[in-house]
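**Q** One structure, as structure tokens, below. Some questions next.
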Amino acid sequence: MSSLRRIIPAPVMSVCAEIAANRETHATLDSLFTYAGAPGDPPAGSKPAKALAWLRLTNKDESIKPLDVLGRLIENYMEAPLDPENSWDQGLLEDRERIAQVLAQSELQYVKGGKVAGALGTPSRTLEEFIRDRDLVSIDAEYTRALANVEASPREAVSAASNILESVCKVYIAEEGLELPAKQDLKPVWTTVRKHLGFDPGTIEDQDLQQILSGLISVVEGIGAIRTHASSAHGAGKKSYKLEPRHARLAIHSAHTIALFILETWHKKKSGF
């Protein structure tokens with residue numbers, strides 16, 4: 001089995017199969033699993049047995065990624081608009097909370113857009129893969145995952161956003177055959193990447209672009225600094241930072257913008273346009 005392929009944990013299968021069986025007819029259950037990309041024909045049996053068997057088959061099929069199937073399977077349950085006055089919707093809210101809880105127990109979480117990813121603070125084994133593929137949708141999902149934790153843990157969210165940006169730079173350096181700097185935290189790897197991509201204000205004639213590129217350099221240095229001084233990635237120093245959710249959102253959105261600018265510029269350089 002590929003190290004990049006994670007199967008659906010048994011407790012998650014049990015809860016999701018039960019919820020799907022309770023909410024769907026046989027026909028809509030078949031349609032839902034087919035839409036989600038589950039392999040093969042519908043298994044025989046009752047709706048709960050069918051749903052559970054189909055998830056097990058999904059885990060066994062080496063040609064697909066089970067968590068991708070799971071994400072599409074539960075997308076509507078997790079994102080459908082709810083009417084608090086509607087008893088059916090109240091039940092869906094309870095189901096949504098059950099799914100979130102069982103995912104969290106397995107160090108997973110649902111990300112808006114039909115994705116299931118590792119919980120914040122756990123290694124994302126597919127991160128390098130989708131950076132190499134320039135998979136902007138998945139990178140968006142990683143930043144969405146960081147934003148989802150802003151209120152509960154702004155320190156963790158800042159650390160995650162900085163880690164993603166750092167990973168983008170390290171993958172770029174490896175793919176382009178550049179020499180890694182001796183110190184491999186955010187500022188040195190960003191400096192290597194920006195110089196190779198031509199993000200040098202001194203080489204740009206347009207003054208407006210000069211200001212923007214100068215700002216990018218300062219922003220990256222700021223993200224790295226706030227991660228060092230205020231995030232959970234490092235022990236507390238002499239100066240105590242009162243990192244609030246609004247600060248974390250600023251760092252996350254800034255890191256996201258810079259990461260996509262790197263990837264889009266890289267793509268343009270590779271394609272020759």
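The values are calculated or read from the model by the stated rules, or taken from the named source; none is laboratory data. Bear in mind the structure is a predicted one, so any value in this text is a computation, not a measurement. Glycine gets a Cβ as well: all are built from the backbone with ideal geometry, and neighbour counts include every protein chain shown.
**Q** Counting residues that are under 21 Å from residue 147 (Cβ atoms), out of contact with any Phe, Trp or Tyr (no Cβ under 6 Å at 6 or more places or on another chain) and free of Cβ contacts under 8 Å to residues at least 40 places away in the same chain, which helices (runs of 4 or more DSSP H) fully inside the range 1-115 reach at least 3?
**A** Because the criterion is at least 3 residues that are under 21 Å from residue 147 (Cβ atoms), out of contact with any Phe, Trp or Tyr (no Cβ under 6 Å at 6 or more places or on another chain) and free of Cβ contacts under 8 Å to residues at least 40 places away in the same chain, the helices (runs of 4 or more DSSP H) in the range 1-115 that meet it are 87-105.
**Q** Next question. So which pairs qualify, if the first residue must be in the range 209-221 and in a helix (DSSP H, G or I), the second must be at pLDDT below 85, the Cβ gap must be under 7 Å, and the two must be at least 6 apart or on different chains?
**A** Taking only residues 6 or more apart or on different chains, the pairs are 210/201; 210/204; 213/199; 213/201; 213/204; 214/201; 216/199.
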